[in-house]
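Participant: My structure is below; once you've seen it, I'll send some questions.
The values are calculated or read from the model by the stated rules, or taken from the named source; none is laboratory data. Being a predicted model, the structure only gives us computed values, none of them experimental. Quick reminder, even Gly has a Cβ in these numbers, built from the backbone with ideal geometry, and neighbours come from all protein chains shown. Ligands, DNA and RNA are stripped out before the accessible areas are found, and what is left, the full protein with its side chains, is counted by its heavy atoms. Shrake-Rupley method; radii C 1.70, N 1.55, O 1.52, S 1.80 Å.
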Amino acid sequence: ESEMQLANHLGAISNVKPLKILIAEDNEINLAVASKTLELLGYSSEKAVNGFQVLEKMSHTDYDLILMDVQMPDLDGLEATKKIKTMYMNRQSPVIIALTASHLEKDRKACLSSGMDDVIAKPINPEKLDEMIKSWFPEPE
């Protein structure tokens, strides 16, 4: 029952402030988990399987938030982030949260120095993700 109340509460909040969210993740299971987690938190999302697809989708959609896997084929999350930050040089870029299996501080620093705004470890903790999204997109008073 409390999970249902939580879902209703979070759903009501996200109805107030819908976010355009893109998940960039090449692993199908991780992609499904991230997508379902966001759904349970009351958010909808779109999907990309590599950095090139992220850039392609960004050419016609302004995302508020990107959950970016660090290790993807073709164009990884770090390189994709650098390109995004360059594209948005003089305007507000989407918030980019790194999805990483690593818990090492040097990997966290690499994410942040590429221009990523925050880092969350996989497997994704729903409460932590919810707190993170709310800290980047505070509710209007």
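Participant: Quote the relative contact order of segment 42-100 in percent (integer), defining contacts as alpha-carbon pairs under 8 Å separated by 6+ residues.
Facilitator: Reported relative contact order: 40 percent.
Participant: Follow-up question, since we're still on this one. Could I have the simple spin-label model distance between Ser135 and Ser113, label points 7 Å from Cα toward Cβ, reported in nm to one decimal?
Facilitator: 2.2 nm
Participant: I've got another one for you. Please work out how much length the chain gains when fully extended from Lys106 to Ala32, using 0.36 nm per residue of separation minus the C-alpha to C-alpha distance, in nm with one decimal.
Facilitator: Numbers: separation 74, 0.36 × 74 = 26.64 nm, distance 2.75 nm.
Result for the pair: 23.9 nm of gain on full extension.
Participant: Right, something else. Give me the one-decimal nm value for the distance between modelled label points at Ala121 and Ser59, 7 Å along each residue's Cα-to-Cβ direction.
Facilitator: Calculated label separation equals 3.8 nm.
Participant: Mean separation of Cα pairs under 8 Å and 6+ residues apart, divided by the residue count of segment 90-141: what relative contact order is that in percent? All intermediate terms of the calculation are to be shown ahead of the outcome.
Facilitator: Details: 38 pairs, mean separation 18.6, N = 52.
That works out to 36 percent.
Participant: Taking Cα centroids, how far is segment 56-93 from segment 105-140 in Å?
Facilitator: Taking the Cα centre of segment 105-140 as reference, the centre of segment 56-93 is 15 Å away.
Participant: Which value in Å does the Kirkwood hydrodynamic radius of the chain take, with 1/r averaged over all unlike C-alpha pairs and then inverted? Don't jump to the answer; show the numbers that get you there.
Facilitator: Working: mean 1/r = 0.0654 Å⁻¹.
In the chain this quantity evaluates to 15.3 Å.
Participant: In the structure displayed, which of Lys82/Lys109; Lys47/Lys122; Lys57/Lys134; Lys20/Lys47; Lys36/Lys128 lie more than 19 Å apart, Cα to Cα? The partial results should precede the final answer.
Facilitator: Values: Lys82/Lys109 14 Å; Lys47/Lys122 17 Å; Lys57/Lys134 24 Å; Lys20/Lys47 11 Å; Lys36/Lys128 15 Å.
As for pairs spanning more than 19 Å Cα to Cα, those are Lys57/Lys134.
Participant: Find the accessible area per residue for the chain; the probe is 1.4 Å, ligands and nucleic acids are left out, and the unit is Å².
Facilitator: Ligands and nucleic acids excluded, the result is 57 Å² per residue.
Participant: Skipping prolines and chain starts, which residues have an amide H placed within reach, meaning under 5 Å, of the one on Leu22, given they are 5 or more residues away or on another chain?
Facilitator: Glu46, Leu65, Ile66, Leu67
Participant: Of all accessible surface on the chain at a 1.4 Å probe, what whole percent is carbon and sulfur? Numbers along the way, then the final one.
Facilitator: Values: 4240 of 8080 Å².
Result for the chain: 52 percent of the exposed heavy-atom area is carbon or sulfur.
Participant: Another question, then. From Cα pairs below 8 angstrom and at least 6 apart in sequence, can you work out the relative contact order of the chain, rounded to a whole percent? Walk me through the numbers on the way to the answer.
Facilitator: Values: 205 pairs, mean separation 28.7, N = 141.
After rounding, I find 20 percent.
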